[in-house]
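Engineer: The structure's right below; bear with me while I get my questions together.
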Amino acid sequence: MVLTKLEQWFTENHLTIAERCLSLATFDLMLSAYALEGFATANGSPRIAHSVQMFAYAEPVDFICGELGAFDNHDSSVVAKLYPHIHEASPKLASFLLDYPGCIFDPDDPRQGKMG
């Protein structure tokens, strides 16, 4: 019974918890990469979670993309959700996500404002 209630609580709150982790994003790439992991995974994009960690470990973008593949439309929509939380706190990470192969989110395009 306790485990069932815990599972129910987590199911109801995991997205909020993941979003709150984004407040940990800073200029420290490693800390920011791990702060983003929960959000990206909770929103169905483990490719983003893994790619930002590899980037924080200074892996070249070509190598990361070769290992994980390019972002797809879903990954791009998760980038759109992440971007408002990280563009000022972690500009290098935000730039990495926008420049990653396959990312179609452009924060300067008003037509994409509702993408996330």
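Any read-out appearing in this document is the output of simple, stated calculations on the displayed coordinates, not a laboratory observation. A quick note: this is a predicted structure, and the numbers were derived from the prediction, not measured. Every residue, glycine as well, gets a Cβ built from its backbone with ideal geometry; the counts of neighbours run over all protein chains shown.
Engineer: Would you mention how many residues in region 56-109 are part of a helix (DSSP H, G or I), over 24 Å from S23 (Cβ atoms) and in contact with a Lys or Arg (Cβ under 8 Å, 6 or more places away or on another chain)?
Structural biologist: 1
Engineer: Give region 51-67 a look and list any residue that's of a type outside the set (D, E, K, R) and within 13 Å of L29 (Cα to Cα), or say none.
Structural biologist: If the condition is that a residue be of a type outside the set (D, E, K, R) and within 13 Å of L29 (Cα to Cα), then S51, V52, Q53, M54, F55, A56, Y57, A58 are the ones that fit.
Engineer: Of the conditions (1) free of Cβ contacts under 8 Å to residues at least 40 places away in the same chain; (2) part of a loop (DSSP other than H, G, I, E, B); (3) surrounded by 14 or more Cβ atoms within 10 Å (Cβ to Cβ); (4) not polar (S, T, N, Q), H50 satisfies every one except a single condition; which number is it?
Structural biologist: Here H50 clears every test but (2).
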